[in-house]
Amino acid sequence: YRLLTEAEWEFVARGGNKTGGFEYSGHNEIEKVAWYCANANGSTHDVGKKKPNELGICDMSGNIHEWCWDLYSQRYYSVSEQSNPVGPHSGYYRVSRGGDWGSDESSCSVVKRHYFNPADGFGTLGFRLARTM
């Protein structure tokens, strides 16, 4: 198993090839799919209590930030490959996506990029794994 790349994370969060083009993972109304600052009461919630996205996957918007494999570069996507980029080869911060229970609506969008120092620990960071073949 491994962390998803940032490109893989966004593809899955958007609903893969079944995408409805939603702002959040599975819907345009954040309350239907995400635990965020307005409804989470300051804590995480069990996975699967909100509506899944088109692939049947829950909680990719809100609840907890998810680490990605990629190192962070603000300019990376303007200079990267167009198909399944894997992030820069060097950097200090690692990408996280999805927003968390304390995030505002814009931070939970499927397109919003976040970054953190991997040496720091936060109660708002988690991860999702991909199976390698």
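The values are calculated or read from the model by the stated rules, or taken from the named source; none is laboratory data. Note that the structure is predicted; figures quoted are calculated from it, not measured. We place every Cβ from the backbone using ideal geometry, glycine too, and count neighbours over all the protein chains shown. For accessibility, only protein heavy atoms count, side chains too; no ligands or nucleic acids. Shrake-Rupley method; radii C 1.70, N 1.55, O 1.52, S 1.80 Å.
Tabulated values for the structure
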quantity: Set S43, S106, S61, S83: member being buried (at least 20 other Cβ atoms within 10 Å of the Cβ), out of contact with any Lys or Arg (no Cβ under 6 Å at 6 or more places or on another chain) and not acidic (D, E); calculated: S61
quantity: Unique match (being at positive phi and charged (D, E, K, R)) among D59, D46, D70; calculated: D59
quantity: Within the stretch 24-40, considering residues that are free of Cβ contacts under 8 Å to residues at least 40 places away in the same chain and open to solvent by less than 50 Å² (accessible area, probe 1.4 Å), the one farthest from the chain's Cα centre (by Cα); calculated: N39
quantity: Hits in the stretch 1-31 - residues which are assigned to a strand (DSSP E or B) and either in contact with a strand residue (DSSP E or B) (Cβ under 9 Å, 6 or more places away or on another chain) or β-branched (V, I, T) (or both); calculated: R2, L3
quantity: Cβ-Cβ under 8 Å pairs, at least 6 apart or on other chains, the stretch 103-128 side under 18 Å from G15 (Cα atoms), far side assigned to a helix (DSSP H, G or I); calculated: C108/I30; V110/E10; V110/A13; V111/E10; K112/S106; R113/E6; R128/W9
quantity: From Y92, Y72, Y77, residue being modelled with pLDDT under 95, touching a Phe, Trp or Tyr at 6+ places or on another chain (Cβ under 9 Å) and open to solvent by 70 Å² or more (accessible area, probe 1.4 Å); calculated: Y92
quantity: Single match in G48, G16, G21 (criterion: open to solvent by 30 Å² or more (accessible area, probe 1.4 Å), over 13 Å from the mean Cα position of the chain (by Cα) and under 21 Å from R131 (Cα atoms)); calculated: G48
